[in-house]
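Reviewing the structure listed below.
The values are calculated or read from the model by the stated rules, or taken from the named source; none is laboratory data. For clarity, every value in this text was computed on a predicted model and none was experimentally measured. As a convention, Cβ positions derive from the backbone with ideal geometry for all residues, glycine included, and neighbour counts pool all protein chains shown.
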Amino acid sequence: MSKVIEKLNVLDRKEATQILLAAKKQKGLSYQELSEEIGRDKTWVAAAILGQATMSEEEALTLVKILDVDPTVASVLQQYPMKGSLDSAVPVDPLIYRFHEINQVYGTTFKEVIQEMFGEGIMSAIDFRMDIQKKEDPNGDRVIVTFDGKFLPYKKW
């Protein structure tokens with residue numbers, strides 16, 4: 001068995017993520033810088049590195065070249081991921097927990113307003129885009145998170 005095949009058999013998504021994050025840190029590159037080279041949005045590139053999106057062969061090869069990591073990592077980036085990387089328990093990381101808290105406090109508000117505007121249905125997490133921006137503010141910088149998902153009405157049959 002070739003060394004490449006051996007590595008493919010033992011390298012999983014989590015290990016590939018660890019390798020990529022370590023190389024990104026070592027090179028001092030931002031997701032924005034990587035996204036400009038790959039031709040995708042910074043949040044999508046972050047999702048792919050973290051194992052939540054599938055890269056094309058060209059995107060994966062570009063990333064491993066930029067980060068100067070073993071090319072076998074590119075094969076892992078092209079595999080279909082298991083979506084949803086968090087445990088089902090309430091997250092304890094403070095930043096991730098705040099998103100959980102936002103859903104706990106405002107989830108019914110999201111639902112009520114969206115369904116008033118669009119009808120009964122959901123916002124797609126498949127036909128979906130996300131953007132994260134920084135807004136400077138004299139009272140403390142602001143985080144702007146935009147969720148942009150296609151509305152999917154419930155069907156009647």
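Key figures for this structure:
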{"item": "Phe128 being at pLDDT below 95 and in contact with a Gly (Cβ under 6 Å, 6 or more places away or on another chain)", "result": "yes"}
{"item": "Any hit, the range 63-78, residues being in the same structural domain as Ala16 (by TED's automatic domain parsing), over 16 Å from Ile19 (Cβ atoms), touching a Ser or Thr at 6+ places or on another chain (Cβ under 9 Å) and crowded, with 17+ Cβ neighbours inside 10 Å", "result": "no"}
{"item": "Restricting the range 136-157 to residues that are part of a strand (DSSP E or B) and among the aromatic types (Phe, Trp, Tyr), the residue that is nearest to Glu120 (Cα to Cα)", "result": "Phe151"}
{"item": "Only one of Phe147, Phe118, Phe151 that is under 13 Å from the mean Cα position of the chain (by Cα), touching a residue at least 12 places away in the same chain (Cβ under 8 Å) and more than 28 Å from Leu11 (Cβ to Cβ)", "result": "Phe147"}
{"item": "Residue in the range 91-112 that is of a type outside the set (Asp, Glu), surrounded by fewer than 11 Cβ atoms within 10 Å (Cβ to Cβ) and assigned to a strand (DSSP E or B) present", "result": "no"}
{"item": "Residue among Arg129, Arg142 that alone is touching a residue at least 60 places away in the same chain (Cβ under 8 Å) and farther than 26 Å from Leu11 by Cα", "result": "Arg129"}
{"item": "Any chance Met82 is outside the structural domain of Val145 (by TED's automatic domain parsing), farther than 18 Å from Ile132 by Cβ and at pLDDT below 90", "result": "yes"}
